[in-house]
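Trainee: Have a look at this one.
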Amino acid sequence: MTTQPRAWVFTLMILFSVALGAFLGTAFQKPVITLAQGNTRTVSTALVSKAEALSAAEAMESAFVRVAEEASPAVVTIYARRNVQRPSLRFELPDDFPFSMPRPRRLPEDTVPIPTRGVGSGFIVRSDGYILTNDHVVAGAERVEVELSDGRRFTGQVMRDYRSDIALVKINATGLPTLPLGDSDKVRVGQWAIALGSPFNKQNTMTVGVVSALGRRESIGGGMQGRYYPNLIQTDASINPGNSGGPLLNIRGEVIGVNTAIESPTGSFAGIGFAVPSNTARFVMEQLIAHGKVRRGFFGVVPNDVTPEDAQRLKVRQGALITSVTEGSPAAQAGIQVEDVIVEYNGKPVRGELDFRDMVARTAPGTVVPVKIVRNGREMTVRVKVEEAPDPEQQTRQRQQPQESGRKLGISIENLTPELVERYRLPRGTRGVVITEVVPGSAADDAGLSPGDVIVQVDGQRVDNVDEVHRIVSGRKAGDAVIFIVRSNTDQGIATRRVRVEVP
């Protein structure tokens with residue numbers, strides 16, 4: 001009788017130990033959690049072995065090594081030699097100077113050309129010596145030299161396109177390694193992004209990241225040197241000065257973009273870089289090779305994407321919402337109005353702003369195109385004769401020759417165009433005269449005027465174009481005060497303010 005309770009207790013202890021061991025063995029495994037159908041979930045306790053994890057990592061490593069080995073021979077370094085005008089030092093001997101040595105005296109009005117050398121990147125797209133890079137890498141250069149990955153150097157002939165910031169350099173060589181251009185329309189956020197180039201003149205540098213965003217719109221640079229980019233790929237692959245013009249690749253080694261710019265408070269990489277999409281670069285390259293310049297279509301509107309609120313209000317699903325129409329433009333002549341939504345262009349559906357921009361840009365000037373629009377919920381088709389887009393560099397050269405009234409106050413002004421409305425992020429339908437540059441230390445600068453300010457009145461008179469501003473200001477003499485009413489884009493929105501500028 002005394003042995004039976006002991007056996008029962010012993011058996012119970014064994015069963016408890018087995019159950020506890022099973023529980024602890026399960027609890028301390030690392031679970032992999034997956035969502036199940038409905039409101040329940042299942043937990044898988046399958047573990048990846050060390051060998052399997054290492055094999056997967058090595059496969060990924062091999063993919064990057066392959067890209068580096070195959071792509072690097074086609075990546076080049078570009079040296080752009082420029083002469084920059086700098087103040088000179090003239091040696092003069094004042095009459096009362098007691099020694100026979102002259103002493104230097106700086107005369108700001110005298111300048112001398114100082115040779116400088118800029119460094120950028122590029123990549124070979126044709127084996128007979130065609131190289132893609134950024135326009136800002138070679139702009140203004142008296143001589144462009146290309147250094148290949150094998151150390152050979154060539155003098156390059158340059159074909160440029162300011163608007164896209166893409167340039168083509170031709171060198172006298174054949175049998176060169178090339179990089180294939182991928183389809184940037186198929187790029188998706190989260191895909192691998194690999195940058196190659198010569199940051200800080202460190203040739204054949206490779207960095208890796210992901211595609212962070214698509215369709216970025218950026219205004220880069222200020223004054224007359226500013227550029228507007230309507231469609232950029234954003235990446236966190238490290239890009240630094242010298243990377244400009246180099247390729248942004250996918251994991252297959254195809255070019256998906258041309259590395260162009262960074263956003264940084266210091267001038268070095270801070271996690272945000274931008275690249276011009278490869279499809280834009282391909283279009284520009286083909287045009288430059290065929291015509292020596294890029295011939296784009298011009299419509300004369302500012303398009304925006306259709307927001308959900310716009311879609312409900314205007315009774316459309318998708319398209320390009322017209323927010324501004326330039327007087328006398330092809331769109332205006334065809335009767336297109338602000339608040340029209342373009343839903344079809346030349347028989348192809350328009351999904352949004354970027355779709356529409358690309359379609360117009362790729363239309364040969366002089367072509368008559370059927371355009372389907374939705375106006376107040378009703379569909380209609382108009383025919384638009386597309387013109388050739390104006391040359392932005394020619395417009396820049398015109399701005400560099402300001403009239404006397406502009407020099408008086410230290411400003412450059414222009415009639416508002418769709419491009420300028422976009423650059424300064426102005427509201428729909430904004431009209432007037434926009435300030436594009438303010439000279440530091442000038443009367444306008446002291447008064448608080450800034451690039452992007454829109455002049456709507458001068459001395460109580462409404463102004464709609466540059467000539468009217470010049471007519472009023474040219475009659476003012478030194479010591480007179482000119483009163484501007486301007487509209488400014490502030491952090492709190494558009495503000496109208498009065499600015500008093502004294503003529504120096």
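Every number in this text was worked out from the coordinates using simple rules, so none of it is lab data. None of the values given here were measured: they were computed from a predicted structure. Counting neighbours? That spans all protein chains shown, and the Cβs are built from the backbone with ideal geometry, glycine included.
Trainee: Among TYR345, TYR229, rank each residue by its count of other Cβ atoms within 10 Å, from fewest to most, as a rough exposure measure.
Mentor: Arranged by neighbour count, lowest to highest, TYR345, TYR229 become TYR229, TYR345.
Trainee: Take the residue pairs LYS315/LYS385; LYS315/LYS372; LYS186/LYS293 and return only those whose Cα atoms are more than 23 Å apart.
Mentor: Over 23 Å apart, Cα to Cα: LYS315/LYS385; LYS186/LYS293.
Trainee: Among LEU314, ILE220, LEU196, which residue has its Cα furthest toward the positive end of the charge dipole of the stretch 193-352, with +1 on Lys/Arg Cβ and -1 on Asp/Glu Cβ?
Mentor: With unit charges placed on the Cβ atoms, the residue in question is LEU196.
Trainee: Can I ask one more? Can you put THR436, THR266 in order, fewest other beta carbons within 10 Å first?
Mentor: The most exposed by this proxy come first: THR266, THR436.
Trainee: While we're looking at this one, here's another question. Ranked by Cβ crowding within 10 angstrom, fewest neighbours first, how are LYS202, LYS372 ordered?
Mentor: Result, fewest neighbours first: LYS202, LYS372.
Trainee: A further question follows. About the Cα centre of the stretch 116-253, how large is the charge dipole given +1 on each Lys and Arg Cβ and -1 on each Asp and Glu Cβ? Please answer in debye to the nearest 20.
Mentor: In debye, rounded to 20, the stretch 116-253 gives about 40.
Trainee: Moving to a separate point now. Going out from 0 in 5 Å bins, what whole percent of all Cα-Cα distances in the stretch 186-315 drops into each bin?
Mentor: With a bin width of 5 Å, the distribution comes to 2, 10, 16, 19, 18, 14, 10, 6, 3, 1, 0.
Trainee: May I pose another question? Working out 0.36 nm times the residue gap between ARG66 and ASP185, then minus their Cα-Cα distance, what length gain in nm do you get to one decimal?
Mentor: 40.4 nm
Trainee: Using only the Cα atoms of the stretch 297-388, what semi-axes does the equivalent ellipsoid have when each is the square root of 5 times a gyration tensor eigenvalue? Give whole Å, largest first.
Mentor: Values for the stretch 297-388, descending: 20, 13, 12 Å.
Trainee: Moving to a separate point now. In nm, to one decimal, how far is the modelled label at ALA173 from the one at ILE494, with both set 7 Å along Cα→Cβ?
Mentor: Each label point lies 7 Å from its Cα, and together they span 5.2 nm.
Trainee: Under 5 Å between amide hydrogens, which residues at least 5 positions from ILE413 or on another chain qualify, with H placed 1.01 Å from N in the peptide plane?
Mentor: Those qualifying (amide H under 5 Å, at least 5 residues apart or on another chain) are THR436.
Trainee: Could you work out the relative contact order of the stretch 297-388? I mean the mean sequence separation of Cα pairs under 8 Å and 6+ apart, divided by the number of residues, in percent.
Mentor: This gives 32 percent for the stretch 297-388.
Trainee: Please work out the ratio of the alpha-carbon Rg of the stretch 403-504 to 2.2 N^0.38 Å and round it to two decimals.
Mentor: Normalised Cα radius of gyration, the stretch 403-504: 0.98.
Trainee: Take LEU47 and ILE483, extend 7 Å from each Cα along the Cα→Cβ direction, and tell me the distance between the two endpoints in nm.
Mentor: About 8.2 nm separates the two model spin labels.
Trainee: Label GLN461 and GLU327 with points 7 Å out from Cα along Cα→Cβ: what is the distance between them in nm?
Mentor: 1.7
Trainee: In the neighborhood of GLY118, defined by Cβ-to-Cβ distances under 10 Å, what is the net charge if each Lys or Arg adds +1 and each Asp or Glu adds -1?
Mentor: Within the 10 Å Cβ shell, the charges total +3.
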